[in-house]
Amino acid sequence: MAYQLYRNTTLGNSLQESLDELIQSQQITPQLALQVLLQFDKAINSALAQRVRNRVNFRILAPILQNEF
């Protein structure tokens, strides 16, 4: 799932570590931790879609060379 891309950020890793600690101490269930991660995925993607205005576009300026063997 593309939404999970941001789980490897500092914020995403910290969230996962905190959730793991809560699971280990039996303060939350693994199912609740998964729901929290899914909500994080949706929230971070929504926030970035609404707040990020810069877009990156790439154009090839050099001619495409054909491999000749």
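The values are calculated or read from the model by the stated rules, or taken from the named source; none is laboratory data. Predicted model, so just to flag it, every value in this text is computed and none were measured. Ligands, DNA and RNA are excluded from the accessible area calculation, which covers all protein heavy atoms including side chains. Shrake-Rupley method; radii C 1.70, N 1.55, O 1.52, S 1.80 Å.
Here are a few things to note about the model shown:
- Amide hydrogen neighbours beyond the local backbone of Ile28, cut-off 5 Å, H modeled: Ile23
- From phi via Karplus (6.51, -1.76, 1.60), per-residue ³J(HN,Hα) for region 46-52 in Hz, x at Gly/Pro: 5, 4, 5, 5, 7, 9, 8
- Rounded accessible area per residue of region 5-51, 1.4 Å, Å²: 75
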